[in-house]
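So the structure is just underneath, and the comments pick up after that.
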Amino acid sequence: MAITQEAVLRALSQVIDPDLGRDLVSLGMIRDLRIEGRRIAFRVVLTTPACPLKEHIEQACRRAIALLVDPEAQVDIQMEARVTTARTSEEALLPGVRNLIAVASGKGGVGKSTVAVNLAVALAKSGARVGLLDTDIYGPSIPTMFGLRGVRPQLTEARKILPVEKFGVRLLSMGFLVDPDTPVVWRGPMVSSAVRQFLADADWGELDYLVLDLPPGTGDIQLTLVQTVPLTGAVIVSTPQEVALADARKGVMMFRHVRVPVLGLVENMAYFVPPDLPDRRYYLFGQGGARRLAEELEVPFLGEIPLEETIRAGGDEGVPVLIRNPEGAAARAFRELAERVAQQVAIRNASAPPTEKVEILFR
Ligand SMILES: Nc1ncnc2c1ncn2[C@@H]1O[C@H](COP(=O)(O)OP(=O)(O)OP(=O)(O)O)[C@@H](O)[C@H]1O
Ligand SMILES: [Mg+2]
């Protein structure tokens, strides 16, 4: 019997995207279905190139066709991705940016910038178009972490600031505009307007993800951000220590208060792997704290990042660990983190309404 479009689509409608909980056909993920005799070809368009389930979904499509259509069919599947967005193209600010992801924490020094940098690089390596904005005006660390100290961004013909590109990521930081060794002594309103400029007066172009590295705490910059541009969601970084966890809780509460979805909690410096004993894990600061907190607060747990010399050295030397040592355990942990973040963004875009800018402030 000849293979029909209907039969193939019926089979593929049995394949469920585990994240979104619906089948590929009704999600509109199957495109360009062509049938010639016993040859079946189509494209599967996923919600992110960083999809951890790419293989799984492809195999499930093959199985469904073999089982429900024709075990002898020759199936040619092209896996692609188009990152979803809950924003509209009519946004006044950053109309070409599909998703804005803030990396935040209550406590300082827990590794926000390290996580933001490696998250951005991992997403870019997966094939997404990625930007990274350092909103830490007082202590910008992105230029150092990318080996770009002293670099100045160019202006476009339209007099917009052009982000600097490195390791596949488009970057802006206050560190590009001021002397890195002179402390910036600014008052709150000036800080807010600097951040607003980076969002309004820079030419970010088309981006799938713009990662925002936030300064520690729940102060002016965080509030300016949610007032200026609606965030897709926030990733909260904690270390396993009690004090850090208490501050992570405050961070989650702050974003909830201003109705920014929390994409999840990541535990940085979760355990130590001695370089000479790569199978050992030492939980120096306690084990499982962030995972338990995530469960308690009912936010996704996005994973554990080990405490590793290569991560610190990557930051100090300006070559992120994902570039320096892409096959190591740290790089693997960051890749998995990026996949989970992309997954949460896709889930959020498929389920929740767009985040609104928050008009009312609390101080
Ligand atoms: N998993 C890790 N393993 C080893 N070193 C790390 C790790 N995460 C962060 N570090 C190091 O810890 C220091 C602080 O990290 P980072 O600057 O990313 O923290 P932060 O939360 O952004 O700090 P701030 O609150 O000042 O912005 C850096 O020297 C960084 O290289
Ligand atoms: Mg930082």
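Every listed requirement among (1) in a helix (DSSP H, G or I); (2) within 16 Å of ligand 2 (Cβ to nearest atom) is met by A124 save one, (2). The single residue among G37, G109, G96 that is among the small types (G, A, S) and within 16 Å of ligand 1 (Cβ to nearest atom) turns out to be G109.
Restricting region 1-21 to residues that are under 21 Å from R348 (Cα atoms) and surrounded by 14 or more Cβ atoms within 10 Å (Cβ to Cβ) leaves a set whose member that is farthest from the chain's Cα centre (by Cα) is V15.
Exposed (fewer than 14 other Cβ atoms within 10 Å of the Cβ) and away from ligand 2 (no atom under 13 Å from the Cβ), is that true of R129?
So R129 does not fit the description; no.
May I ask you to list the residues in region 129-150 that are over 24 Å from T218 (Cα atoms), away from ligand 1 (no atom under 16 Å from the Cβ) and in contact with a strand residue (DSSP E or B) (Cβ under 6 Å, 6 or more places away or on another chain)? Scanning region 129-150 gives R129, V130.
Would you point out which residue out of L33, L94, L9, L20 is more than 30 Å from P140 (Cβ to Cβ) and in a loop (DSSP other than H, G, I, E, B)?
L20
Only one of the listed residues (R332, R249, R292, R324) is more than 12 Å from ligand 1 (Cβ to nearest atom), farther than 27 Å from L132 by Cα and among the basic types (K, R). That residue is R292. For first residues located in region 256-285 and of a type in the set (S, T, N, Q), partners that are part of a strand (DSSP E or B) and within 16 Å of ligand 2 (Cβ to nearest atom) and lie 6+ apart or on another chain with Cβ distances below 8 Å form the pairs N268/V237; N268/S238.
Return the only residue of M174, M145 being within 30 Å of A86 (Cβ to Cβ), within 16 Å of ligand 2 (Cβ to nearest atom), modelled with pLDDT under 90 and surrounded by 14 or more Cβ atoms within 10 Å (Cβ to Cβ). Before the answer, list the steps.
Working: M145 fails: modelled with pLDDT under 90.
Unique residue meeting the criteria: M174.
Among the residues of region 205-249, those that are surrounded by 22 or more Cβ atoms within 10 Å (Cβ to Cβ), part of a loop (DSSP other than H, G, I, E, B) and away from ligand 2 (no atom under 15 Å from the Cβ) comprise D208, V229, L231, T232, P240.
Remark: L277 falls outside the filter, which requires a residue to be within 15 Å of ligand 1 (Cβ to nearest atom), farther than 25 Å from A342 by Cβ, surrounded by fewer than 20 Cβ atoms within 10 Å (Cβ to Cβ) and modelled with pLDDT under 90.
Can you tell me which residues in region 190-204 are touching a Lys or Arg at 6+ places or on another chain (Cβ under 8 Å) and surrounded by 17 or more Cβ atoms within 10 Å (Cβ to Cβ)?
The first filter runs over region 190-204 and keeps only residues touching a Lys or Arg at 6+ places or on another chain (Cβ under 8 Å), leaving 201-204.
A202, D203, W204, listed by residue number.
Among the residues of region 83-115, those identified as crowded, with 22+ Cβ neighbours inside 10 Å and within 16 Å of ligand 2 (Cβ to nearest atom) are I101, A102, V103, A104, S105, G106, V110, G111, K112, S113, T114, V115.
The values are calculated or read from the model by the stated rules, or taken from the named source; none is laboratory data. Everything numeric in this text was worked out from a predicted model, so none of it was measured. For neighbour counting, all protein chains shown are included, and Cβ atoms are generated from backbone atoms with ideal geometry for every residue, glycine included.
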